[in-house]
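Trainee: Before we start, here is the structure in question, set down as structure tokens.
The values are calculated or read from the model by the stated rules, or taken from the named source; none is laboratory data. Keep in mind it's a predicted model, so treat the numbers as computed, not measured. Here Cβ is always computed from backbone atoms with ideal geometry, including for glycine, and neighbour counts include all displayed protein chains.
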Amino acid sequence: MRSNIVVDPIPPRVNIVYAQDQVTLPTSIQKLIDAFWESELRKGKNYIKGEVFSVKRYTLNEEGLHVTLSKTDYAHYLYTLHHHDFAKQAFSCQVIYAAAMVQTSDHHFVIGQMAKHTAKANRLQFVGGGIDAIDIINDEVDLAHNVLRELYEELGVSTEQVETIQPQFLKTGGPQQAISILYDVKLALSARELRDQYEKYIAALIAKGDKPEFSDLILLRNDKEMMEQFITRNQQPKVDYLIPVLQKIMVEKIKM
């Protein structure tokens, strides 16, 4: 369901800070999360209960966006992801993350298909991932650092191959109420060059025994007709922001 998703221009100021504290859940909720986690592991999922940063406070006004984060774990996040009613409750894990609207030098958007071993297998999305401790400097989250890190981890694209990186949109709403900062990222690589480099990068990852985040890439030309075809014909599962963002770019004729 995408009806409650809002995509706005990026606020004049974005400030995301870590409060240096931990989420404390009621025992009854923690038991539900633990039981769900164990059931997923019994299904053969190889999840790791790593740290996740959840929104503690959120303020959006004419001055900008201010978010305060607390630390929780992946089990809390995963439970929220799979239980939409819980996602609306006070003790849910609401996350904020950056996503990169990556474009090649010949104007193709880069869309990844999540690999089968991930929590959202086969889902289509832009490059991006959760905030990691290494993205936090003096208790402030550096989202540009997060984006550049994810570009390398998911695509094998180095910082030197990025021509521009600018925050463009703020997405709010959606089933899990996740907050997304969408960056406009332009590469010094054509679609063909990116595809060739990506395939070599993935082969090297697999040779080392690592699992790629994406199982495939879609290179979607930034063209009204091609974007309309993708929106109306592609039936694969998609992250909540993907279609609203593409529609906004297309309908409002935003130059990207």
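Trainee: When HIS66 is evaluated against the numbered criteria (1) surrounded by fewer than 21 Cβ atoms within 10 Å (Cβ to Cβ); (2) within 17 Å of the chain's Cα centre (by Cα), which criterion, by number, is the only one it fails?
Mentor: If we test HIS66 against (1) surrounded by fewer than 21 Cβ atoms within 10 Å (Cβ to Cβ); (2) within 17 Å of the chain's Cα centre (by Cα), just (2) comes out false.
Trainee: Looking only at segment 74-120, filter to residues that are of a type in the set (D, E, K, R) and either more than 27 Å from LYS56 (Cα to Cα) or touching a strand residue (DSSP E or B) at 6+ places or on another chain (Cβ under 8 Å) (or both); which one of those is surrounded by the most Cβ atoms within 10 Å (Cβ to Cβ)?
Mentor: Taking segment 74-120 first, the residues of a type in the set (D, E, K, R) are 85, 88, 106, 116, 120.
Filter again for either more than 27 Å from LYS56 (Cα to Cα) or touching a strand residue (DSSP E or B) at 6+ places or on another chain (Cβ under 8 Å) (or both), leaving 106, 116, 120.
Working: ASP106: 15, LYS116: 9, LYS120: 13.
By that ranking, first place goes to ASP106.
Trainee: Here's a follow-up. Count, please, the residues in segment 237-255 that happen to be surrounded by 13 or more Cβ atoms within 10 Å (Cβ to Cβ) and more than 17 Å from the chain's Cα centre (by Cα).
Mentor: 5
Trainee: Sticking with this structure for a sec: Among the residues of segment 199-214, is any more than 27 Å from GLN177 (Cβ to Cβ), surrounded by 14 or more Cβ atoms within 10 Å (Cβ to Cβ), touching a residue at least 40 places away in the same chain (Cβ under 8 Å) and β-branched (Val, Ile, Thr)?
Mentor: Yes, the conditions are met somewhere in segment 199-214.
Trainee: Which residues, taken from segment 39-61, are loosely packed, with under 11 Cβ neighbours inside 10 Å and free of Cβ contacts under 8 Å to residues at least 24 places away in the same chain?
Mentor: Scanning segment 39-61 gives SER39, ARG42, LYS43, GLY44, ASN61.
Trainee: Let me ask something additional. Got a number for residues in segment 44-79 being over 22 Å from ALA178 (Cβ atoms) and at pLDDT 95 or above?
Mentor: Here the count works out to 0.
Trainee: Could you please find all residues in segment 225-236 being surrounded by fewer than 17 Cβ atoms within 10 Å (Cβ to Cβ) and either part of a helix (DSSP H, G or I) or among the aromatic types (Phe, Trp, Tyr) (or both)?
Mentor: If the condition is that a residue be surrounded by fewer than 17 Cβ atoms within 10 Å (Cβ to Cβ) and either part of a helix (DSSP H, G or I) or among the aromatic types (Phe, Trp, Tyr) (or both), then GLU225, MET226, GLU228, GLN229, ILE231, THR232, ARG233 are the ones that fit.
Trainee: Return only the number of the condition from (1) under 26 Å from ALA98 (Cβ atoms); (2) not in a strand (DSSP E or B) that LYS31 does not satisfy.
Mentor: That leaves (1) as the condition not met.
Trainee: Considering only residues that are touching a helix residue (DSSP H, G or I) at 6+ places or on another chain (Cβ under 9 Å) and not charged (D, E, K, R), look in segment 145-155 and name the one that is nearest to GLU199 (Cα to Cα).
Mentor: It comes out as LEU155.
Trainee: Where in segment 62-180 are there helices (runs of 4 or more DSSP H), lying wholly inside it, with at least 2 residues that are within 30 Å of THR27 (Cα to Cα) and of a type outside the set (Lys, Arg)?
Mentor: 74-82, 84-87
Trainee: Here is a list of conditions, (1) modelled with pLDDT of 95 or more; (2) closer than 16 Å to LEU65 by Cβ; (3) over 13 Å from the mean Cα position of the chain (by Cα), and LYS171 meets all of them except one; can you say which number that is?
Mentor: Here LYS171 meets the rest and fails (3).
Trainee: Criterion first (in a helix (DSSP H, G or I), among the hydrophobic types (A, V, I, L, M, F, W, C) and under 26 Å from ILE96 (Cα atoms)) does ILE206 satisfy it?
Mentor: Values: in a helix (DSSP H, G or I): yes; among the hydrophobic types (A, V, I, L, M, F, W, C): yes; under 26 Å from ILE96 (Cα atoms): no.
Against the criterion (in a helix (DSSP H, G or I), among the hydrophobic types (A, V, I, L, M, F, W, C) and under 26 Å from ILE96 (Cα atoms)), ILE206 does not qualify.
Trainee: Of the numbered conditions (1) surrounded by fewer than 22 Cβ atoms within 10 Å (Cβ to Cβ); (2) more than 18 Å from VAL110 (Cβ to Cβ); (3) modelled with pLDDT of 95 or more, ASP135 satisfies every one except a single condition; which is it?
Mentor: In the conditions (1) surrounded by fewer than 22 Cβ atoms within 10 Å (Cβ to Cβ); (2) more than 18 Å from VAL110 (Cβ to Cβ); (3) modelled with pLDDT of 95 or more, ASP135 misses (1) alone.
Trainee: I'd like to verify a number: residues in segment 78-100 that are without any contact (Cβ under 8 Å) to a residue 40 or more places away in the chain and under 30 Å from VAL185 (Cβ atoms), how many?
Mentor: Residues flagged as without any contact (Cβ under 8 Å) to a residue 40 or more places away in the chain and under 30 Å from VAL185 (Cβ atoms) within segment 78-100 amount to 0.
Trainee: Every residue in segment 181-190 that is outside any strand (DSSP E or B) and crowded, with 18+ Cβ neighbours inside 10 Å, please.
Mentor: Of the residues in segment 181-190, the ones outside any strand (DSSP E or B) are 188-190.
Hit for segment 181-190 is LEU189, nothing else.
Let's see how each residue does on (1) free of Cβ contacts under 8 Å to residues at least 60 places away in the same chain; (2) within 30 Å of VAL17 (Cβ to Cβ); (3) of a type outside the set (Phe, Trp, Tyr):
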site	(1), (2), (3)
ASN146	yes, yes, yes
GLU150	yes, yes, yes
GLU153	no, yes, yes
LYS171	no, yes, yes
TYR183	no, yes, no
LEU194	no, no, yes
THR232	yes, no, yes
PRO244	no, yes, yes
